[in-house]
Amino acid sequence: MSLLDKIESPQDLRQLDKAQMILLADEIRELLINSVSACGGHLASNLGVVELTLALHYVFDTNTDRVIWDVGHQSYVHKILTGRRQQMSTLRQLGGLSGFPKTEESNHDAFNTGHSSTSISAALGMALARDLMKQKYSVVAVIGDGALTGGMAFEALNHAGHQGCDLTVLLNDNEMSISKNVGALSGYLNRLRTDPSYSRTKEEIESRLNRIPAIGPNIARAAGRMKDMVKHLVVPGILFEELGFTYIGPVNGHNLDELYLMLNNAKQMKGPVLIHVITQKGRGYEPASLEPDLFHGIGPFNVETGHPLKKSLLTYTEIFGKYMLERAKTDPSMVAITAAMTSGTGLTAFASCYPQRFFDVGICEQHAVTLAAGMARSGLRPVVAIYSTFLQRAYDQIIHDVALQNLPVIFAIDRAGLVGEDGPTHHGVFDLAYLRSIPNLTVMAPSDKEELIKMLDLAFTMEGPVAIRYPRGVAESHAAEADATVVPGKARLICEGRDLTIMAIGRAVNIARDVVAKLNQAGIAAALLDARFAKPVDSASILQRAQSGAPLVTMEENSLKGGFGSAVTEVLAESGVASGCMQLGIPDEFIGHGKTELLFEYLNLDADAIVEGIIKRWPQLLKKGHEVELLKIVKG
């Protein structure tokens with residue numbers, strides 16, 4: 001029986017000696033590697049926090065104490081130790097364990113996370129609530145050095161230092177977010193990490209200074225000033241000290257003795273404390289330690305080689321990256337901006353070839369957008385590449401700093417729509433709704449790789465801001481369809497049909513192709529339009545189709561509330577045209593995690609379910625004698 005088999009709850013850790021804890025850490029790493037190799041997930045970050053998580057659960061009791069994991073992608077070890085070890089084979093699968101903390105999953109999960117830089121704010125809120133309600137428990141925020149670059153983290157540090165309540169911030173410093181960390185803060189942490197003089201603690205220095213004889217008030221005041229000067233020169237973490245935190249560190253995040261000591265000390269201290277812990281991303285598995293960015297989030301892979309099990313076709317992300325690289329050769333005004341997502345947005349090659357024209361601002365989406373506005377106002381053509389779910393964080397900047405001034409900023413919105421196993425914190429299903437209402441902004445969505453390239457070409461000719469949203473994963477290709485241009489605000493007719501019109505946008509166009517084929521099997525001739533634009537929509541085509549008397553169906557991979565379908569019905573309402581219109585998209589709820597194709601089935605957005613829904617809505621469309629064909633479709 002392994003040691004891990006004996007761990008049913010964190011309390012069981014306290015029965016183990018140091019040698020057993022080290023063996024347990026090895027067993028946990030083996031379980032992590034085997035689980036993620038089968039299901040995919042965040043491996044490198046979790047391998048790096050094994051000892052840190054063990055120490056946290058050894059010192060704190062998460063039945064009562066609150067531990068908030070920033071982002072939460074590094075919480076797998078926490079899940080293993082809190083009664084979910086047997087479910088690790090279901091990680092990120094439909095109905096299985098989430099890849100992030102979830103209060104619905106366990107009382108040991110104190111707060112739902114998924115986006116970065118939120119933990120200190122949430123932890124401070126809990127600490128203030130605890131004190132107001134006169135309760136007693138510890139509150140710990142675990143935040144990475146990458147997440148610490150987010151402005152919200154500094155807002156919270158500033159407030160926490162001012163409030164002065166008991167709170168522990170664990171800074172997990174592995175020099176990485178997804179890509180290598182950038183910026184002045186990264187350099188500051190690197191100096192803390194490497195300068196031998198920083199091994200001295202604040203207490204040691206203050207103890208020595210306090211030994212200076214204080215003969216009279218003037219000398220006492222002089223000694224106090226000297227203490228402050230020396231402290232600024234040699235006390236580690238002076239930035240955090242000045243914000244009101246007691247700084248402890250740097251601490252070896254893989255040494256259990258050091259971690260026990262520092263965490264116990266912090267637990268007893270009054271006021272806010274920051275413990276600076278140094279860890280290695282990917283520790284214990286050579287492929288992950290050598291390529292931590294690749295193993296930050298990875299699909300199923302071969303444990304022996306570390307190679308992915310599937311060789312995928314070109315993704316939208318890769319096509320965007322190749323386009324940017326080629327465009328840069330002939331367009332010196334073009335610059336690229338991302339927020340700690342160099343590899344994730346496909347810009348690694350661009351950053352290498354054009355370092356002077358590439359800007360990774362860290363996890364600072366708001367700054368990224370306004371930085372782009374400043375560049376555009378000064379004559380450059382910036383492309384801001386950010387995931388849909390993270391662009392939400394810069395909504396005010398899109399309105400106030402870009403659209404209000406009608407500046408030519410191009411937003412390349414990756415991971416739009418359902419993203420699969422990362423779940424509700426990462427699904428990009430709101431961007432059409434939150435962008436469509438903004439004046440001056442053009443919003444496009446390609447249905448294949450050819451359209452993505454054409455839309456990028458078009459965006460560089462437009463005078464105002466443009467958003468192009470595209471999904472995660474392999475890009476469809478329909479090169480044989482002759483259509484050389486994308487005209488602003490004009491849909492593309494893919495096929496004609498007299499009985500029904502389907503108007504779809506983005507990835508939904510390819511599902512609609514299957515729907516049309518299955519309807520044809522049932523004797524229903526359906527027209528299919530690729531909308532291309534969510535703003536401006538093709539009002540002329542919408543009205544022409546609606547006035548024909550044939551039913552109209554809209555399809556999108558976005559929230560139905562305020563999305564593309566809403567835009568279509570607005571056109572009909574404004575024109576006074578009465579038409580039966582079925583809107584298909586993401587309902588008014590947060591969608592869980594699981595493989596994308598299974599999520600489409602769950603939402604009845606797969607082709608068979610859509611065909612069945614259309615026939616139920618308009619049974620008169622089904623031609624006599626085709627009932628058997630329909631039954632075959634519905635039954636698969």
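The numbers here are math on the coordinates, done by the rules we state, and not lab data. What you see is a predicted model, and the numbers here were worked out from it, not measured in a lab. Heads up, the Cβs are rebuilt from the backbone with ideal geometry, glycines too, and the neighbour counts pull from every protein chain shown.
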Query raised in the report: Rounded, prolate or oblate: which one fits the stretch 330-397, using the alpha carbon gyration tensor with axes a ≥ b ≥ c (rounded when a/c is under 1.5, else prolate when a/b beats b/c, else oblate)?
Result: oblate
Query raised in the report: Peptides 44-53, 119-128: what's the order by average Cβ count within 10 Å, highest mean first?
Result: 44-53, 119-128
Query raised in the report: Any idea how far apart D17 and L290 come out in nm if each label point goes 7 Å out from Cα toward Cβ?
Result: 3.7
Query raised in the report: Which entry is the computed percent of Cα pairs over 45 Å apart for this structure: [x] 27; [y] 49; [z] 39?
Result: [x]
Query raised in the report: From the Cα gyration tensor of the stretch 337-465, with a ≥ b ≥ c the square roots of its eigenvalues, which class applies: rounded if a/c is under 1.5, or else prolate if a/b is larger than b/c, or else oblate?
Result: rounded
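What FRET efficiency comes out for K136 versus T305 if R0 is 60 angstrom and r is the Cβ-Cβ distance? Round to the nearest 0.05.
Approximately 0.75, to the nearest 0.05.
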Report task. Enumerate the calculated ³J(HN,Hα) couplings along the stretch 164-169 in order (Karplus 6.51 cos²θ - 1.76 cosθ + 1.60, θ = phi - 60°), each rounded to whole Hz, writing x wherever the residue is Gly or Pro. Result -> x, 7, 5, 6, 10, 10
Query raised in the report: Under a point-charge model restricted to the Cβ atoms of Lys and Arg (+1) and Asp and Glu (-1), what is the dipole moment magnitude of the chain relative to its Cα centre, in debye to the nearest 20?
Result: 720
Requested in this report: Enumerate the calculated ³J(HN,Hα) couplings along the stretch 54-63 in order (Karplus 6.51 cos²θ - 1.76 cosθ + 1.60, θ = phi - 60°), each rounded to whole Hz, writing x wherever the residue is Gly or Pro.
Outcome: 4, 5, 4, 6, 6, 8, 9, 10, 6, 5
Report summary line: Proxy exposure order for T485, T90, T338 (fewest C-beta within 10 Å first) is T485, T90, T338
Query - Highest average packing first - 137-144, 258-265, Cβ atoms within 10 Å - result: 137-144, 258-265
Report task. Answer rounded, prolate or oblate for the stretch 492-635, using the Cα gyration tensor with square roots of eigenvalues a ≥ b ≥ c: rounded when a/c is under 1.5, else prolate when a/b is larger than b/c, else oblate. Result -> oblate
Query raised in the report: Given H placed 1.01 Å from N in the peptide plane, which residues other than close sequence neighbours of R92 have an amide H under 5 Å from its amide H?
Result: L97, S98, G99
Report summary line: Stretched fully, the stretch from K595 through D61 gains (0.36 nm per residue minus C-alpha distance, one decimal, in nm) 188.8 nm
Query raised in the report: Pairs K18/K136; K449/K561; K449/K490: which are spaced more than 23 Å apart, C-alpha to C-alpha?
Result: K18/K136; K449/K561
Query raised in the report: Which ordering of H159, H427, H254 is given by a fewest-first count of other beta-carbon atoms within 10 Å?
Result: H159, H254, H427
Requested in this report: Which order do the peptides 412-422, 439-449, 291-301, 567-577 take when ranked by the mean count of other beta-carbon atoms within 10 Å per residue, highest first?
Outcome: 412-422, 439-449, 291-301, 567-577
**Report entry** S575 versus A129: modelled label distance in nm, points set 7 Å from Cα along the beta carbon direction
**Finding:** 5.0
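Tally Lys/Arg at +1 and Asp/Glu at -1 over every other residue whose Cβ is under 15 Å from the Cβ of E155; what's the total?
-2
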Report summary line: If amide H atoms are modeled at 1.01 Å from N in the peptide plane, then the residues at a separation of 5 or more from R283, or on another chain, having amide H under 5 Å from its own are G48
Query - Where a label projected 7 Å from the Cα of N255 along Cα→Cβ would reach, residues of the stretch 280-301 with amide N under 16 Å - result: 280
Report summary line: For the stretch 244-257, Karplus-derived ³J(HN,Hα) couplings (6.51, -1.76, 1.60; θ = phi - 60°; whole Hz; x for glycine and proline) come out as x, 9, 8, 8, 10, x, x, 10, 6, x, 10, 10, 5, 4
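What does the charge count near K136 come to, summing +1 for each Lys or Arg and -1 for each Asp or Glu among other residues with Cβ under 14 Å from its Cβ?
+1
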Query raised in the report: What is the set of long-range amide H partners of Y387 at a cut-off below 5 Å, with H atoms built 1.01 Å from backbone N?
Result: D414
Requested in this report: Within 10 Å of each residue's Cβ, count the other Cβ atoms and sort F350, F359 from fewest upward.
Outcome: F359, F350
Query - Environment charge at V577 (Cβ cut-off 15 Å; Lys +1, Arg +1, Asp -1, Glu -1) - result: -2
Query raised in the report: So what is the 222 nm mean residue ellipticity for the chain from helices alone, if each DSSP H run of at least 4 adds -39500 (n - 2.57) and you divide by all residues, rounding to the nearest 500 deg cm²/dmol?
Result: -11500 deg cm²/dmol
